[in-house]
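Before any comments, here is the structure.
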Amino acid sequence: MFPRDAREVDSLLRHADTAMSEAKQGGRGRFSMYAGGTQEALQRLTLPSGLREALEQRDFVLHFQPIFSLAGGEVFAVEALLRWRDARRGLIPPLQFVSVAEYTGLIEPIGEWVIDAACAEVRAWRDRGIAVPVTINASLRQFQSAGFAAALRAGLSTYGLEPGDLAIEITESTAMRDPVCVEPVMAELREIGLRVAIDDFGTGYSSLGRLREMPVELVKIDRSFLRGVPGDPVGEQMALAALTLVQTWA
Amino acid sequence: MTAVAEGIETEEQRRFLLEHGCPLGQGYHLAAPMPAEEVRERLSRDSARYLPRVRRRG
């Protein structure tokens with residue numbers, strides 16, 4: 001928009017175009033604003049080739065963040081988080097490259113790398129007598145791919161793990177983009193014995209009825225619900241409403 | 001379905017959630033994301049669990 005993003009007609013149109021292609025990627029009926037300067041646009045152009053090289057050279061690493069029992073403080077599970085290790089830019093979080101990975105199709109081989117690396121890590125835990133499951137984040141492309149369940153089974157058998165050692169997280173908005181595809185895959189994963197979690201709950205503009213029907217065991221309530229909590233009465237009511245909603249589905 | 005609260009950043013938030021029946025949580029206040037070596041080391045210790053820091057007065 002003029003004059004925030006650019007002052008020349010040329011670059012205004014270009015930025016609008018960037019925003020439009022982003023909106024299209026998000027699905028029908030979306031809108032999007034141009035989000036950054038030329039520097040960022042350039043970076044986006046060079047991202048796909050950089051990602052391809054990163055995949056070839058296995059320049060990815062997993063970081064791990066525990067999920068705790070709030071009462072006892074025990075570790076309930078550990079979420080595996082993907083990082084791209086770039087020589088110049090350091091560790092890059094998924095938010096900055098996953099959409100590029102999705103439209104280039106690189107998300108599938110990257111997703112397979114994540115499954116393998118997460119299973120290898122759980123093996124290392126088991127060898128140290130640690131009995132904690134790992135959760136991994138899956139994309140829509142993975143859910144839509146015929147080989148997803150097979151890749152998970154392969155990861156489990158390669159490292160001698162039980163299905164209960166692995167849980168799959170899918171964001172609410174991803175699940176709702178193609179529920180007809182996602183639901184049966186969730187059911188298949190549950191049949192294998194894997195747990196399924198809905199991630200970023202409360203941000204997906206979902207049909208709650210549809211979400212309730214999904215075969216999931218965990219619902220991760222989005223961080224935005226903790227804004228102003230405790231203290232702000234409206235914030236508190238929102239957080240409690242989300243919590244109550246999830247728990248009445250039990 | 002079991003609820004997990006994401007993005008817990010303060011002890012007050014943890015306590016609020018616990019008091020209102022939220023069983024599970026994640027966030028920087030409890031533990032930030034860490035490299036593999038660190039999580040292995042942390043999980044191996046008995047003290048892997050999250051313990052709220054005791055506040056001392058004065």
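The values are calculated or read from the model by the stated rules, or taken from the named source; none is laboratory data. The structure displayed is predicted, hence computed values, not measured ones. Cβ placement follows ideal geometry from the backbone for every residue including glycine, while neighbour counts extend to all protein chains displayed. Accessible surface areas use protein heavy atoms only, side chains included; no ligands, DNA or RNA. Shrake-Rupley method; radii C 1.70, N 1.55, O 1.52, S 1.80 Å.
Among what's in the range A:67-108 and is β-branched (Val, Ile, Thr) and within 9 Å of chain B (Cβ to nearest Cβ), pick the residue that is most open to solvent (accessible area, probe 1.4 Å).
A:Val75
So, of the residues in the range B:25-34 that are in contact with a Lys or Arg (Cβ under 9 Å, 6 or more places away or on another chain) and surrounded by fewer than 19 Cβ atoms within 10 Å (Cβ to Cβ), which turns out to be nearest to B:Tyr50 (Cα to Cα)?
The qualifying residue nearest to B:Tyr50 (Cα to Cα) is B:His29.
Pick out, from the range A:61-140, the strands (runs of 3 or more DSSP E) lying fully within it that include 2 or more residues that are closer than 23 Å to B:His29 by Cβ and within 14 Å of the chain's Cα centre (by Cα).
Values: elements: A:75-86, A:90-92, A:134-137.
Hits in the range A:61-140: A:75-86, A:134-137.
Taking the condition of being among the hydroxyl-bearing types (Ser, Thr, Tyr) and open to solvent by 40 Å² or more (accessible area, probe 1.4 Å), how many residues in the range A:129-172 meet it? Even if it seems obvious, please write down each step before you answer.
Start the filter on the range A:129-172 by keeping residues that are among the hydroxyl-bearing types (Ser, Thr, Tyr), which leaves A:135, A:139, A:145, A:157-159, A:171.
Narrowing further to those that are open to solvent by 40 Å² or more (accessible area, probe 1.4 Å): A:157-159.
The number of residues fulfilling the criteria is 3.
Check the range A:188-200 and report whether any residue there is part of a helix (DSSP H, G or I) and at the interface with chain B (Cβ under 10 Å from one of its Cβ atoms).
So far as the range A:188-200 goes, no, none of its residues is part of a helix (DSSP H, G or I) and at the interface with chain B (Cβ under 10 Å from one of its Cβ atoms).
Only residues that are open to solvent by 60 Å² or more (accessible area, probe 1.4 Å), within 11 Å of chain B (Cβ to nearest Cβ) and in a helix (DSSP H, G or I): list them for the range A:203-236, please.
A:Arg212, A:Arg223
Cβ-Cβ below 7 Å, separation at least six or inter-chain, first residue in the range A:80-97 and under 18 Å from B:Val39 (Cα atoms), second aliphatic (A, V, I, L, M) and open to solvent by 30 Å² or more (accessible area, probe 1.4 Å): which pairs?
Listed pairs, sorted by first residue: A:Arg83/A:Val61; A:Arg83/A:Leu91.
Quick check on this structure: which one of B:Leu18, B:Leu51 is at pLDDT 95 or above, within 12 Å of the chain's Cα centre (by Cα), surrounded by fewer than 19 Cβ atoms within 10 Å (Cβ to Cβ) and at the interface with chain A (Cβ under 7 Å from one of its Cβ atoms)?
Sole residue among the options that is at pLDDT 95 or above, within 12 Å of the chain's Cα centre (by Cα), surrounded by fewer than 19 Cβ atoms within 10 Å (Cβ to Cβ) and at the interface with chain A (Cβ under 7 Å from one of its Cβ atoms): B:Leu18.
List the pairs whose first member sits in the range A:147-161 and is closer than 15 Å to A:Arg190 by Cα, whose second member is in a loop (DSSP other than H, G, I, E, B) and open to solvent by less than 50 Å² (accessible area, probe 1.4 Å), and whose Cβ atoms are under 8 Å apart, counting only residues at least 6 apart or on separate chains?
As it stands, the answer is A:Phe148/A:Ala138; A:Leu152/A:Leu194, since those pairs meet every condition given.
Here is a list of conditions, (1) outside any helix (DSSP H, G or I); (2) farther than 30 Å from A:Ser157 by Cβ; (3) within 14 Å of chain B (Cβ to nearest Cβ), and A:Thr244 meets all of them except one; can you say which number that is?
With respect to (1) outside any helix (DSSP H, G or I); (2) farther than 30 Å from A:Ser157 by Cβ; (3) within 14 Å of chain B (Cβ to nearest Cβ), A:Thr244 is out only on (1).
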